[in-house]
Amino acid sequence: MRIDVHAHLWTKDYLDRLERLGKTDTATQRDLWADATEADLGHRFAVLDRAGIDLQVLSVPPQSPHFTDEAQAVALARDANDAYARLVADRPDRFRAFAALPLPHTDAALRELGRAMDELGMPGAAVTTTVCGRTLADPVFHPLYEELDRRGGVLYIHPQGEGAASPLITGHRMTWMVGAPVEDTVAVMHLVLAGLPSRYPRMRILASHLGGALPMLVRRLDDHLAFESPDTPEPPSLAVRRLWYDTVGHAHPP
């Protein structure tokens, strides 16, 4: 079976709700044949069949329900997960889904993760490379990783679309072509430098876009560790081999 783990679906209603809550970048995710309408689903299944892909695991990043207002984040995460659960129930032969979480509110996210995995049958959760400006290595998120580790669940990491908070990227029309793989690289390295892949070995960390630049940097990371990050628990060359990677390279065979 060939499984596409990097698969998005957003309804117009979901994106409209994000906009009403202050999101200003939803245009990038509209009109992509990525809605749940009958026409969009028909197009999606035709593309999957041409590519020989049997199953998709749906996820909402980069349009995740990450808001400082906890009630708004919780409501949107629950609705997103319920909508995905209905799609999976309608087409279990084609769909699974990663849970959306109401971060940065860890206690609420733990409750929603439990509901998503226990009641909705989801294999884990999807998060963005940063959450309201916080690194994924922030200790506030460690209880979430502890729970995913306990369950053997997946943590799927996808770019936020903020160009790694660099105006040299976002101000020069490179947010997605350059910024996204930079975000992948930085987010995973934050986890590596904090020793989280070895601390939570049963949590399957899944990085987008081949891990960004990580495949090209492994030797450099090891070589620079002694003088730049000597307190790192294990060599990056070992840590990155604990992770999983999707193969989204935008139709580039190598």
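Hey, among the residues in the stretch 121-156 that are among the hydroxyl-bearing types (S, T, Y) and part of a strand (DSSP E or B), which one's surrounded by the most Cβ atoms within 10 Å (Cβ to Cβ)?
Per the criteria, the residue is Y156.
If the requirement is being buried (at least 16 other Cβ atoms within 10 Å of the Cβ) and more than 26 Å from A7 (Cβ to Cβ), which of these qualifies: V218, V240, V182, V186?
Checking each option against the conditions leaves just V218.
Which pairs do you get when a residue that is within 17 Å of E38 (Cα to Cα) and assigned to a helix (DSSP H, G or I), found in the stretch 1-16, comes within reach of a residue that is open to solvent by less than 30 Å² (accessible area, probe 1.4 Å) and at pLDDT 95 or above, reach meaning Cβ atoms under 7 angstrom, with the pair 6+ apart or on two chains?
Cβ pairs passing all conditions: Y14/A80.
Under 7 Å between Cβ atoms, at least 6 apart or on separate chains: pull out the pairs that start in the stretch 64-75 with a residue that is under 12 Å from L21 (Cα atoms) and of a type in the set (F, W, Y) and end on any residue that is part of a helix (DSSP H, G or I) and at pLDDT 95 or above.
Filtered contacts from the stretch 64-75: F67/A73.
Hey, any hits in the stretch 100-112 for a residue that's part of a strand (DSSP E or B), under 15 Å from P61 (Cα atoms) and of a type in the set (A, V, I, L, M)?
No: zero hits.
Listed here are the residues, each with its yes/no results for (1) touching a helix residue (DSSP H, G or I) at 6+ places or on another chain (Cβ under 8 Å); (2) surrounded by 14 or more Cβ atoms within 10 Å (Cβ to Cβ); (3) over 21 Å from V154 (Cα atoms); (4) among the charged types (D, E, K, R).
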position: M1; (1), (2), (3), (4): no, no, no, no
position: T11; (1), (2), (3), (4): yes, yes, yes, no
position: T28; (1), (2), (3), (4): no, no, yes, no
position: L48; (1), (2), (3), (4): no, yes, yes, no
position: L55; (1), (2), (3), (4): no, yes, no, no
position: V74; (1), (2), (3), (4): yes, yes, no, no
position: D79; (1), (2), (3), (4): yes, yes, no, yes
position: R94; (1), (2), (3), (4): yes, yes, no, yes
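The values are calculated or read from the model by the stated rules, or taken from the named source; none is laboratory data. Worth saying up front: this structure is predicted, and the values here are computed from it rather than measured. Cβ coordinates were reconstructed from backbone atoms using ideal geometry, including for glycine residues, and neighbour counts include every protein chain displayed. These area figures cover heavy atoms from the full protein model, side chains too; ligands, DNA and RNA do not enter into them. Shrake-Rupley method; radii C 1.70, N 1.55, O 1.52, S 1.80 Å.
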